[in-house]
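Remarks on the structure that follows.
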Amino acid sequence: MKKTLVLIMTFLMSTVVLWGQEADRLDFNLSLRSNHLWRGITVSDVPIADVDIHYALDNKKNLKLGVWGGIGLSDHKGEHYHEINYYLNYATKMWGLGVWDVFNSTSLTGKPADIWNYDHKTSGHRFDLRGYLVFAESFPLRLEYGTSFYGNDRNERGDQRWSSYGELNYPVIRGKAVDLRVFCGAGFGLTGHSHFYGNGKHDVDVVSVGFTASKNVPVLGYKLPVSATAMWNPSVKQARVQIAASLF
């Protein structure tokens, strides 16, 4: 498996070098967050920095190959958050679809993870199929969906749970000094069993309810995009707030 991954990465890097002459397709972004919230899960309770390095595979920059990584800026209960994900994603204003390879060193199982291990019974990697659909420009209700289909999403017997997540979110205020988006998401298992988004006791749970306010904050002549989120997870009886800034 390790040799296969090396060959794949070599091929991808060669492709990037060959296509790099056509256009300016390589870019990266940096964000700072007070914590890491994802689909109702508090992935990290300490401030993090996350980086998204991506390369556009088409001229319109809809299809991107990338690496997303997050790192905790302090320790929490003796653990140091670190995550690295690989993805291939196609995104437009109205819809998107992608495949993600998620690897979190502070995994949900709590077991030490080997980044080169891709065995479906023991791997710390989890493969997700993700997508979204905006119903209409005049009615921008957005449906987001994701299903875990391989790796680190197993029940006590080691069987794949196919944990899935669906969310509806809507911009109730947009184009103002402060924009506001509300969201509600549920977790469920496609096989009819529990999932990793909730407390593990139910097949279907509401796991993420809240809102995000966002605005541009003037900083040294630059408009810094900043957001504030309040999120509740009724399944695990947990709530969090988050402030985040996209530096570039």
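The values are calculated or read from the model by the stated rules, or taken from the named source; none is laboratory data. Computed from a predicted model, the values in this text were never measured in an experiment. Cβ placement follows ideal geometry from the backbone for every residue including glycine, while neighbour counts extend to all protein chains displayed. Heads up: the accessible areas ignore ligands, DNA and RNA and are worked out on the full protein's heavy atoms, side chains in. Shrake-Rupley method; radii C 1.70, N 1.55, O 1.52, S 1.80 Å.
Listed by first and then second residue, the pairs with beta-carbon distance under 7 Å, at least 6 apart or on different chains, first residue in the range 119-131 and farther than 20 Å from G98 by Cβ, second part of a strand (DSSP E or B), are H120/Y150; H120/G151; G124/F103.
Tell me, yes or no, whether the range 155-166 has at least one residue that is farther than 25 Å from V99 by Cα and touching a Pro at 6+ places or on another chain (Cβ under 9 Å).
There is no residue in the range 155-166 that is farther than 25 Å from V99 by Cα and touching a Pro at 6+ places or on another chain (Cβ under 9 Å).
If I ask for residues that are closer than 20 Å to S164 by Cα and open to solvent by 50 Å² or more (accessible area, probe 1.4 Å), which ones from the range 60-89 would you list? Result: Y86, L88.
Do we have any residue at all in the range 188-204 that's touching a residue at least 12 places away in the same chain (Cβ under 8 Å) and among the basic types (K, R)? No.
Scanning the range 139-180 for residues that are among the hydrophobic types (A, V, I, L, M, F, W, C), part of a loop (DSSP other than H, G, I, E, B) and under 18 Å from K93 (Cα atoms) yields a count of 2. When L57 is tested against the conditions (1) closer than 26 Å to N155 by Cβ; (2) modelled with pLDDT of 95 or more, the lone failure is (1). Can you tell me which residues in the range 189-218 are open to solvent by 60 Å² or more (accessible area, probe 1.4 Å) and part of a strand (DSSP E or B)? Of everything in the range 189-218, those that are open to solvent by 60 Å² or more (accessible area, probe 1.4 Å) and part of a strand (DSSP E or B) turn out to be V204, V206, F211, K215, N216, P218.
Scanning the range 53-104 for residues that are touching a strand residue (DSSP E or B) at 6+ places or on another chain (Cβ under 7 Å), under 30 Å from A136 (Cβ atoms) and polar (S, T, N, Q) yields N62, N89.
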